[in-house]
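**Q** Just dropping this structure here.
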Amino acid sequence: MKEITTVIQLIPLEHYVFLCLALFSIGMMGVLFRRNTIVILMCLELMLNSVNLLLAAFSAYRSDPAAQVFVFFIMVVAAAEVAVGLSILIMMKRNVNSIDINLLDKLKD
Amino acid sequence: MVFLFYLLGGVALLSALMVVFSKNPINSVIYLIICFLAIAGNYILLNAQFLAVVHIIVYTGAIMVLFLFVIMLLNLNKENEPHKKLITKLAAIISGALLLFVLLGAAKGVAQIPFNENFDPEIGLVGRLGKVLFTDYMLPFEVSSVLFLAAMVGAVMLGKKDVKKI
């Protein structure tokens, strides 16, 4: 316990920022890279989590509990988003019998 | 102990890359669970114990099981997924790398925030967070339950069998 509270003082905050930015970029690259809708949803989760980790890091470094409450609310929103997103995916599979995101271009024409 | 941060960060980055590049969606889910566990380890390292526990329960316990359930239900665990054209994939990788480059350039030197003078390592414990959550953030907490209700109704409506064809 004592060891854990001292170890974060040895890691510069910049390294947390770099880690979170790298995770966010990987998530965005995944959204552009794949056509499978379920993997795209997973990459969205990854991006949300990188932002959560960044908020928690800033909160720990500034000793401000408000940011951790904010992370809690982001988790709530993410859970609701996943429930709706997966039911949209089931609808899509039922109606066009595929989860290829490129088939959903009806708004284009 | 410091190396633990770099180990967890490396595991998180590698498994995030494997989420994007693995062919089978089931493997993607497994790698995403590994990534989330590494992030939960980072929360413990930050002494945000409440967040670590909630993260494991909500993400690896509930959301990823939901993903696995949908994959199994719709029988999506095939590898014959149509892939994007090579040029599109290349463009995706290049634009992701460019975004990382720009963000790193923007964040470099900005985040040199020193430690708070009265550094308090106990802010992430359940009791402290609970007090903040149920005094200052009472209204958002109650509103989020309405959000859950709306999401539940929406999911049930979308998942019903006899919905008009799109």
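The values are calculated or read from the model by the stated rules, or taken from the named source; none is laboratory data. Because the structure is predicted, anything quoted here is derived from the model rather than measured. Using ideal geometry, Cβ is built from the backbone for each residue, glycine included, and neighbour counts are taken over all protein chains shown.
**Q** Filter the stretch B:101-133 for residues that are farther than 23 Å from A:L21 by Cβ and among the hydrophobic types (A, V, I, L, M, F, W, C); which is modelled with the lowest pLDDT?
**A** B:F119
**Q** If only one of A:N95, A:N52 is of a type in the set (S, T, N, Q), part of a helix (DSSP H, G or I) and more than 7 Å from chain B (Cβ to nearest Cβ), which one is it?
**A** Criteria check complete, one pass: A:N52.
**Q** Could I ask something else about it? Working only within the stretch A:1-12, note down all residues that are within 7 Å of another protein chain (Cβ to nearest Cβ) and either in a loop (DSSP other than H, G, I, E, B) or at pLDDT 85 or above (or both).
**A** Result: A:I8, A:Q9, A:L10, A:I11.
**Q** Have a look at B:V11, B:V70 and point out the one that is among the hydrophobic types (A, V, I, L, M, F, W, C), over 13 Å from the mean Cα position of the chain (by Cα), part of a helix (DSSP H, G or I) and surrounded by fewer than 21 Cβ atoms within 10 Å (Cβ to Cβ).
**A** Step by step, each of B:V11, B:V70 is checked, and only B:V11 is among the hydrophobic types (A, V, I, L, M, F, W, C), over 13 Å from the mean Cα position of the chain (by Cα), part of a helix (DSSP H, G or I) and surrounded by fewer than 21 Cβ atoms within 10 Å (Cβ to Cβ).
**Q** Moving to a separate point now. Does any residue of the stretch B:19-34 turn out to be more than 14 Å from the chain's Cα centre (by Cα), touching a residue at least 24 places away in the same chain (Cβ under 8 Å), outside any helix (DSSP H, G or I) and farther than 21 Å from A:Y61 by Cβ?
**A** Among the residues of the stretch B:19-34, at least one is more than 14 Å from the chain's Cα centre (by Cα), touching a residue at least 24 places away in the same chain (Cβ under 8 Å), outside any helix (DSSP H, G or I) and farther than 21 Å from A:Y61 by Cβ, which makes the answer yes.
**Q** I've got another one for you. Those residues that are crowded, with 20+ Cβ neighbours inside 10 Å and touching a residue at least 40 places away in the same chain (Cβ under 8 Å), I need them from the stretch A:42-69; list them, please.
**A** Scanning the stretch A:42-69 gives A:A57, A:A60, A:Y61.
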